Structure formats: C-alpha cells, structure tokens
Amino acid sequence: MKKTWIVLKTEFINTVTRRSFLLTLILVPLVPALILGGISLFGGDEGDSSSGTLFQPSQGETLPDGYVDLSGVINQLPPGLDSDSLVEFENPDAARDAIQADEIKGYFLIEKDFLKSGEMKYFREDFNPLTAMETTGIIDAVVRYNLLEGDLDQLETLSQPIEVNRVDLAPEVEERDNTHPLAFYLPYGVSMLFYVVIMTSASLMLGSITKEKENRVMEILMSSIKPVELFTGKILGLGLIGLLQMVLWMGSGMLLLKLGGTTLNIPPNLQLPPQILIWGIAFFILGYLLYATIMAGIGVLVPNLKEASQATYVVIIPFLIPLMLVGAIIENPNGILSTVLSLIPFTAPNTIMTRMAATTVPLWQLLVAIGLLIASILLLLRGVAGMFRAQTLLTGSKFSLGLFIKTLFRPERT
Amino acid sequence: MSIIKTLNISKRFGEVQAVDNLSFEVQPGEIFGLLGPNGAGKTTSIRMILDIFKPDEGEIRILGGPMTDEKKNRIGYLPEERGLYQEIPLERCLIFLAALKGLDEDLAASKLKDYMEHFDLYQYRDKKVKELSKGMQQKAQLITTLVHDPELIIIDEPFTSLDPVNTEMVKELLQSKRDEGKAIIMSTHQMNQVEELCDRILLIDHGHRVLYGTLQEIQGKFASRDILVTPLNELPQTIEGVQEIKKLNGRFRLTLEEHTKPNLILRNLINSGVELTEFEVAVPPLNEIFIKVVKEKAGGVND
C-alpha cells in the first residue's frame with residue numbers, strides 16, 4: 001500500500017511539473033477567456049443577458065438608429081421604445097444628414113413595396129458585425145408590432161421560432177432552445193473536452209509504462225514492487241491528473257459561459273446545469289478507468305512508444321464514434337442512436353456528456369450506463385492486472401488486437 | 001546461514017530450457033561470481049532469486065526462507081538491462097527508487113547526499129538524468145543499488161561505462177561491503193575483475209552448473225605442470241625434471257615431467273647457478289578456464 005502511494009505521488013508530481021502539461025492546463029481555459037475578454041473590451045457591447053425583451057435597444061450604444069418608412073407600415077412605436085431610441089425621418093436625405101451630424105448611427109429604409117417584397121435596407125457609415133444583428137432585431141420587432149396592430153401577445157408568440165417539441169412518453173425530459181448556435185456548439189464543446197481529457201489521461205498511462213520499458217527501469221521496479229502495486233499507483237496518480245485537468249477545464253468553461261452569458265447574450269436555458277460537473281466527474285472517472293486500463297494493457301504488451309502509438313489507433317476508434325456522430329446526437333439527444341451509444345461502455349462517457357449538455361438525460365439511462373461501465377472496467381482490470389506480470393513487462397512484441405485479447409483473458413504464468 | 005540457497009531450480013520458456021536443475025549457495029561476507037556465456041541462464045537465475053520469475057521446479061531460500069515483500073527491501077539489484085527515468089531530475093529519481101526500497105524519503109535524501117558526494121554527482125542532482133553522461137548514470141544506478149544498505153547485493157556488469165578511477169572506487173566499495181558481511185553476487189564477463197574480487201564462482205552454461213567452488217580450487221583443478229621463470233643469466237639447455245623449455249617475452253615456460261614438484265626445479269635451477277627474478281607456478285587464467293570449459297561443453301553438445 002505504501003509503495004502504491006509512492007508510485008501515485010511520483011507519477012502525479014512528475015506529470016504536473018512537466019512544462020508542456022502546465023502550459024496545456026493553463027492555456028486551454030485561458031485562450032477562450034482572452035477571446036471573451038477581447039470581445040467584451042473591443043466589441044463595446046456589454047449586453048444584458050436578460051435582454052430577451054423585444055424592444056430593448058442595445059445598451060452602451062451612444063447613438064440610436066433611425067428609419068425612413070416609405071411604405072407606411074409603422075404607425076406607432078411599441079410601448080417601452082421611445083422615439084429617441086428609434087428616430088423617424090421623412091426621407092433618406094434627412095436620415096443621411098443625421099448620420100453625418102452624428103445624431104444616429106444608421107437608418108432603415110422601408111421600401112414602398114415592403115408589404116409585397118418584405119425587404120428593407122440598413123444604411124450606416126461603418127459595419128459592426130457584433131451589433132448589426134441586434135439592430136435588425138429591433139426594427140424587425142417594430143414592424144411586426146405594427147403589422148399585428150399592436151397585439152403584444154401575438155407578437156411575443158410570433159417572435160419565437162415555431163418549435164416542434166417531441167415529447168417522449170417515458171422520461172421527463174427538458175429540451176433546450178436549439179435555434180441558438182450554442183445549442184450545437186455547447187454539447188460539441190463538452191464532447192471534445194471529454195474526448196481530450198480522457199484520451200490525454202489514458203495516454204499518459206500508456207506513455208508512462210512504455211517509457212519505463214524504453215528507459216529500462218522496469219527490471220529495477222520489478223525487484224522492488226509488486227506489478228499490481230505499480231499498476232494501481234499509476235492508474236490512480238494519472239487519474240488524479242486527469243481529474244484535475246477536467247475539473248479545471250470544465251469549471252472554467254462553466255465560469256466562462258456564465259460571464260459570457262453577459263457578454264454574448266447567451267440565453268439562460270443554454271447555460272450548463274451545475275450538476276453536469278458532478279456527472280462529468282463520475283463519467284470522467286469511469287471513462288478514464290476504462291481507457292487507461294486498456295492503454296495499460298497495450299503498454300505492457302508492446303516494447304516501445306512507437307509500437308504503442310500504432311496500437312492506440314485501434315483502441316480509440318470506439319471512443320471516436322460519439323465524436324463522429326456528434327451532430328446526430330445533438331440533433332436528437334434522446335433518440336435511439338443517442339440512447340444506444342449511451343449504453344455501450346466504450347461510447348457511453350462521451351455520448352452521455354454530450355447529451356447532458358444538450359438536454360436532460362433520463363436518470364435510468366445514467367444509472368444503467370454507470371452499471372455497465374463499472375462491470376466492463378472490473379472485467380478489464382482483472383485481465384490487465386493479470387497481464388501486469390514481470391515476464392510480459394520485461395519483454396515486448398508487435399501489437400495485434402488478437403494478441404491483446406488473448407493475453408487479456410489468458411495471462412501467461414511467470 | 002546461507003544468504004541464498006537454491007535447490008534444483010529449473011525454468012523453461014517455451015522450447016528453451018533456460019535453467020536446468022541448478023543448485024548453489026551464497027554466504028554472507030563473500031563476493032560470489034556468477035559466470036557464463038551469453039544466454040547461459042544467468043539473468044534468469046537472478047530473476048528467480050529476486051522472485052521476478054517463479055521457478056518451474058525447485059526451491060529458493062533467500063535470507064532464511066522464501067521471498068517476501070519485506071525481504072525485497074533488503075536486496076540491492078543492478079540489472080544488466082538498466083536505466084533511470086530520463087526526464088526528471090537526478091535527485092528525485094534516486095529518492096523515488098530508494099523509497100521503493102522502503103527508505104523514508106528524508107532518510108533517503110540524506111543518505112543519497114552522502115553517496116552523491118562520494119561519487120562526485122552532488123552538483124548534478126538537479127539536472128535531468130538524460131543530461132548526465134553514461135558514466136554518471138552508471139554511478140547513479142550503483143547508488144540506487146546500495147543506498148538502502150542491502151544485505152544482499154546483486155550486480156550485473158557493474159563496471160560498464162566506468163573509467164579506471166571510478167572502476168577502482170567501485171571495487172573498493174564492493175570490497176568494503178563484503179568486509180561488512182554483505183553477500184554480493186557479481187555477474188560479469190570481465191574475468192580479471194572476477195579474479196581480483198570474487199571469493200567463489202559459479203559457471204553455468206545452457207542452464208547447467210559447470211564449475212562451482214572457490215577461485216583457488218577451480219584454478220588448481222585446471223593448473224598445468226608449467227612454471228614461469230625470469231632468469232637474469234642464461235638457463236641451462238636441460239634441467240632435471242623439466243620436459244620442455246619454451247621462451248616467451250623475456251620469460252621461460254618450463255613444462256615439468258609428470259610427478260615432478262616445483263620445489264625440485266627451483267632447487268635444480270639454483271644449484272645450476274641461475275639467478276632468478278621470478279619463479280611462478282603457472283595458474284591458468286580464469287579467462288582460459290572459461291573458454292576451455294565452454295568450448296568443451298559446446299563440443300559435447302555438438303557431438
């Protein structure tokens with residue numbers, strides 16, 4: 001037990017003091033934070049996350065917009081939007097003069113045949129992509145308000161995209177707003193994060209064992225510690241590193257989303273729920289244990305890292321499946337494909353986390369997935385612990401999946 | 001009490017019989033040479049002693065009984081296939097390996113300091129292992145073998161990569177460990193080092209015991225009837241009791257007639273007025289014995 005602790009501690013310290021690891025650990029959350037900070041600083045748009053209000057002009061803009069209504073559609077401005085926020089002009093020349101005089105930042109030209117063509121133009125001196133869309137949203141809402149003859153309730157309904165909510169009869173699930181771009185990118189990001197964190201940690205295991213073989217330290221270790229103690233120390237030490245990485249990245253991701261909610265107007269229903277971190281930790285641990293055990297098995301079999309890298313490609317294919325099918329999973333997070341992938345241990349961790357970022361996953365699926373993962377891990381651990389014997393550790397051969405499976409279930413006696 | 005006692009141990013890997021019915025003992029306070037050609041079964045025997053491999057047959061008693069985890073901490077091992085963690089600082093690497101031998105980390109650090117100073121490595125303690133020369137790494141490996149003050153030291157080719165000064169230092173260290181009562185098994189192909197250091201030897205070939213005993217016994221067994229002399233003046237053409245006189249570089253090799261004692265030849269030479277600066281009963285070098293025995297065995301096998 002004491003020697004397991006020594007291995008655990010040393011693996012942890014050796015990895016976290018590596019410059020490349022520290023850089024990755026810090027840079028991954030730092031880069032998006034800097035981008036967000038940049039947007040906040042230079043975009044000049046400090047928006048309000050509660051600005052779901054239909055007519056709220058963008059705060060922080062010093063100048064309002066104007067409009068020239070040649071079609072006569074706009075008869076009144078909605079309540080809450082005064083004429084200082086959206087200024088009416090008789091003709092385009094007057095509006096242009098107002099731009100020149102810095103009274104407005106731009107103006108909408110509603111053509112005569114607007115009701116037929118549905119087209120309008122927006123004129124401004126420079127183009128700011130970060131605020132243009134929002135500006136369009138205001139005039140759009142004002143026009144709709146007038147078309148509906150001032151019926152705010154209908155406008156509210158109309159302003160929402162028509163959403164067909166498929167309701168599964170069995171689970172009580174809550175779908176999120178999937179019209180927002182983040183509805184795709186958020187689960188995709190979580191999927192990528194999970195892929196990177198689990199694969200990084202599991203690969204550390206492979207690297208650690210093959211390096212000991214390459215450095216020829218293995219025989220000294222074998223004369224000092226039981227193979228199973230070595231294996232346990234490694235898997236726990238490297239697991240802690242992965243956990244640290246995941247909590248830090250996911251935590252800072254959630255923090256960024258929260259801060260970004262203010263800066264980028266992320267709707268509240270697209271924020272990641274806090275419990276995702278807890279499920280994330282659970283599925284990380286299970287995913288890590290599954291893949292790190294497999295990687296350890298590969299490490300035991302092969303003579304060097306080069307041979308191991310080739311072997312890794314074979315093993316990570318199942319892990320890549322959820323990433324390859326991420327579009328389908330996000331589009332239908334409680335569909336058959338998503339459910340099946342959630343119940344296969346090799347694809348479960350990633351699929352479940354992707355789904356959790358997109359919707360609410362039924363509890364029974366989470367529990368069954370955890371149960372199946374634990375069963376698979378126990379089976380693999382038994383096999384790999386059996387492979388962790390001196391004779392296999394001190395030798396090495398070309399990797400093949402057949403050899404791996406054979407050795408996994410029929411470890412040679414030393 | 002023997003430190004190691006192996007009783008008819010055998011080990012087979014597939015079709016290859018690596019060790020076959022091998023028995024020997026190692027006593028405290030001796031340097032025991034484990035010799036043999038490449039592939040003779042030396043490393044497999046060592047690995048069985050260390051419980052890295054289990055013997056297919058036979059029994060090994062180590063430090064008074066079967067191997068335990070606690071006993072592993074009382075053994076220092078320098079394998080032939082050896083190395084260190086290349087990417088971490090030297091001191092951290094040595095502390096880790098010492099801790100795996102049961103040393104408390106603080107105690108390990110203080111003992112390592114002494115050893116590193118002794119081996120002139122202390123100023124490199126913060127350097128990554130890969131930045132050290134081969135010789136320095138070899139010294140560091142020796143430190144990991146000795147730092148926990150083991151009762152049994154097993155070293156395979158301990159002088160590889162060492163310059164003459166460090167070779168001498170390691171020899172002195174091994175001799176001092178022997179004087180402290182430690183048992184040392186040394187496996188090497190450098191026969192001059194065996195002659196200089198080893199008290200007893202075991203020569204194995206194809207997994208079998210070929211020679212086993214003290215160096216003197218073995219050399220005595222292979223001693224020829226030759227005497228080496230270096231005279232200051234001319235030797236007589238014939239000497240009573242000498243069958244053949246052969247001139248070497250400034251020396252003469254006298255092959256004695258059967259049953260002739262060297263004392264008689266010495267007396268005859270002095271009586272003949274020969275002045276001698278050297279008179280030596282020719283003992284066959286271990287190297288010759290090694291080659292002779294292995295070749296004979298190979299001949300036997302081929303026949």
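Here is a yes/no grid of residues against (1) surrounded by fewer than 16 Cβ atoms within 10 Å (Cβ to Cβ); (2) modelled with pLDDT under 85:
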position: A:LEU257; (1), (2): no, yes
position: A:GLN275; (1), (2): yes, yes
position: A:THR293; (1), (2): no, no
position: A:TYR313; (1), (2): yes, yes
position: A:ILE330; (1), (2): no, yes
position: A:THR351; (1), (2): no, no
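Just one of the numbered conditions (1) closer than 30 Å to A:SER20 by Cβ; (2) outside any helix (DSSP H, G or I); (3) away from chain A (no Cβ under 11 Å) is not true of B:LYS139; which one?
Just one mismatch for B:LYS139, condition (2).
Here is a list: B:LYS42, B:LYS72, B:LYS101. Which entry is in the same structural domain as B:ASN192 (by TED's automatic domain parsing), basic (Lys, Arg) and over 20 Å from B:ILE143 (Cα atoms)?
B:LYS42
Would you pick out the residues in region B:48-70 that are at pLDDT 90 or above, within 23 Å of the chain's Cα centre (by Cα) and among the charged types (D, E, K, R)?
Within region B:48-70, B:ARG61 is the sole residue that qualifies.
Could you grab the pairs with beta carbons closer than 9 Å, sequence gap of 6+ or different chains, first residue in region B:262-283 and without any contact (Cβ under 8 Å) to a residue 60 or more places away in the chain, second one small (Gly, Ala, Ser)?
What qualifies is B:LEU264/B:GLY241; B:ILE265/B:GLY241; B:ASN268/B:GLY241; B:VAL281/B:ALA223; B:ALA282/B:ALA223; B:ALA282/B:SER224.
Which one of the conditions (1) at pLDDT 85 or above; (2) touching a strand residue (DSSP E or B) at 6+ places or on another chain (Cβ under 9 Å) does A:LYS2 fail to meet, given that it meets all the rest?
(2)
Do we find that B:LEU211 is part of a helix (DSSP H, G or I), surrounded by 17 or more Cβ atoms within 10 Å (Cβ to Cβ), assigned by TED's automatic domain parsing to the domain that holds B:LEU107 and under 16 Å from the mean Cα position of the chain (by Cα) in this structure?
So B:LEU211 fails the test.
Rundown of residues vs (1) modelled with pLDDT of 90 or more; (2) closer than 23 Å to B:PRO79 by Cβ; (3) of a type in the set (A, V, I, L, M, F, W, C), yes/no style:
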{"residue": "B:SER187", "(1), (2), (3)": "yes, yes, no"}
{"residue": "B:GLY213", "(1), (2), (3)": "yes, no, no"}
{"residue": "B:LYS221", "(1), (2), (3)": "no, no, no"}
{"residue": "B:THR230", "(1), (2), (3)": "yes, no, no"}
{"residue": "B:GLU234", "(1), (2), (3)": "no, no, no"}
{"residue": "B:THR238", "(1), (2), (3)": "no, no, no"}
{"residue": "B:GLY241", "(1), (2), (3)": "no, no, no"}
{"residue": "B:ASN249", "(1), (2), (3)": "no, no, no"}
{"residue": "B:HIS259", "(1), (2), (3)": "no, no, no"}
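Taking the residues in region B:16-55 that are of a type in the set (D, E, K, R) and surrounded by 24 or more Cβ atoms within 10 Å (Cβ to Cβ) as candidates, determine which candidate is nearest to the other protein chains (Cβ to nearest Cβ).
It comes out as B:ARG47.
Select the strands (runs of 3 or more DSSP E) contained entirely in region B:215-273, then report the ones holding at least 2 residues which are surrounded by fewer than 12 Cβ atoms within 10 Å (Cβ to Cβ).
Passing ranges, in order: B:242-247.
Just to be sure before I move on: is A:LEU23 more than 14 Å from chain B (Cβ to nearest Cβ) and modelled with pLDDT of 75 or more in the structure I sent?
yes
Just one of (1) modelled with pLDDT of 90 or more; (2) of a type in the set (Phe, Trp, Tyr); (3) within 12 Å of the chain's Cα centre (by Cα) trips up B:PHE119, so point out which.
Only one criterion in (1) modelled with pLDDT of 90 or more; (2) of a type in the set (Phe, Trp, Tyr); (3) within 12 Å of the chain's Cα centre (by Cα) is unmet by B:PHE119, namely (3).
Looking only at region A:387-404, how many residues end up being at pLDDT 70 or above, away from chain B (no Cβ under 14 Å) and buried (at least 19 other Cβ atoms within 10 Å of the Cβ)?
Here the count works out to 2.
For region B:61-91, how many residues meet the condition of being part of a helix (DSSP H, G or I) and facing chain A (nearest Cβ under 9 Å)?
Residues flagged as part of a helix (DSSP H, G or I) and facing chain A (nearest Cβ under 9 Å) within region B:61-91 amount to 2.
Inspect all residues belonging to region B:120-133 and state whether any of them is touching a residue at least 40 places away in the same chain (Cβ under 8 Å), assigned to a loop (DSSP other than H, G, I, E, B), away from every other protein chain (no Cβ under 14 Å) and out of contact with any strand residue (DSSP E or B) (no Cβ under 9 Å at 6 or more places or on another chain).
No; the residues of region B:120-133 include none that is touching a residue at least 40 places away in the same chain (Cβ under 8 Å), assigned to a loop (DSSP other than H, G, I, E, B), away from every other protein chain (no Cβ under 14 Å) and out of contact with any strand residue (DSSP E or B) (no Cβ under 9 Å at 6 or more places or on another chain).
Could you please tell me which pairs satisfy a Cβ distance under 9 Å, a separation of 6+ or placement on different chains, a first residue in region A:87-103 that is closer than 22 Å to A:ASN75 by Cα, and a second residue that is of a type outside the set (Lys, Arg) and in a helix (DSSP H, G or I)?
Close Cβ pairs satisfying both conditions: A:VAL87/A:ALA95; A:VAL87/A:ALA98; A:PHE89/A:ALA95; A:PHE89/A:ASP97; A:PHE89/A:ALA98.
Of a type in the set (Gly, Ala, Ser) and out of contact with any Leu (no Cβ under 9 Å at 6 or more places or on another chain): which single residue out of B:GLY83, B:GLY135, B:GLY76 fits that description?
Of the residues listed, the single one that is of a type in the set (Gly, Ala, Ser) and out of contact with any Leu (no Cβ under 9 Å at 6 or more places or on another chain) is B:GLY83.
Limited to region B:92-107, what total is found for residues that are farther than 25 Å from B:THR160 by Cβ and in a helix (DSSP H, G or I)?
The number of residues fulfilling the criteria is 4.
Collect the residues in region B:274-303 that are part of a helix (DSSP H, G or I) and surrounded by 14 or more Cβ atoms within 10 Å (Cβ to Cβ), keeping them in residue-number order.
Within region B:274-303, B:LEU286, B:ASN287, B:GLU288, B:ILE289, B:PHE290, B:VAL293, B:VAL294, B:LYS297 qualify.
Please specify each residue of region A:203-237 satisfying the condition of being away from chain B (no Cβ under 14 Å) and more than 27 Å from B:HIS148 (Cβ to Cβ).
Those that are away from chain B (no Cβ under 14 Å) and more than 27 Å from B:HIS148 (Cβ to Cβ): A:SER203, A:MET205, A:LEU206.
For region B:92-106: of the residues being surrounded by fewer than 21 Cβ atoms within 10 Å (Cβ to Cβ) and farther than 14 Å from A:LYS3 by Cα, which is farthest from the other protein chains (Cβ to nearest Cβ)?
Step by step, filter region B:92-106, then rank; the result is B:ASP106.
Among what's in region A:353-372 and is among the hydrophobic types (A, V, I, L, M, F, W, C) and surrounded by 21 or more Cβ atoms within 10 Å (Cβ to Cβ), pick the residue that is nearest to A:LEU323 (Cα to Cα).
Top of the filtered list is A:MET353.
Of the residues A:THR351, A:THR360, A:THR312, which is assigned by TED's automatic domain parsing to the domain that holds A:GLN245 and within 17 Å of A:TYR188 (Cβ to Cβ)?
After ruling out the rest, the residue left standing is A:THR351.
Condition (residue is more than 22 Å from A:GLY233 (Cβ to Cβ) and surrounded by 17 or more Cβ atoms within 10 Å (Cβ to Cβ)) applied to region A:373-381: is it met by at least one residue?
yes
With a cut-off of at least 1 residues that are touching a residue at least 60 places away in the same chain (Cβ under 8 Å), name the helices (runs of 4 or more DSSP H) lying wholly within region A:303-396.
In region A:303-396, A:305-324, A:326-331, A:348-358, A:363-387, A:390-393 are the helices (runs of 4 or more DSSP H) which contain 1 or more residues that are touching a residue at least 60 places away in the same chain (Cβ under 8 Å).
The values are calculated or read from the model by the stated rules, or taken from the named source; none is laboratory data. What you see is a predicted model, and the numbers here were worked out from it, not measured in a lab. Here Cβ is always computed from backbone atoms with ideal geometry, including for glycine, and neighbour counts include all displayed protein chains.
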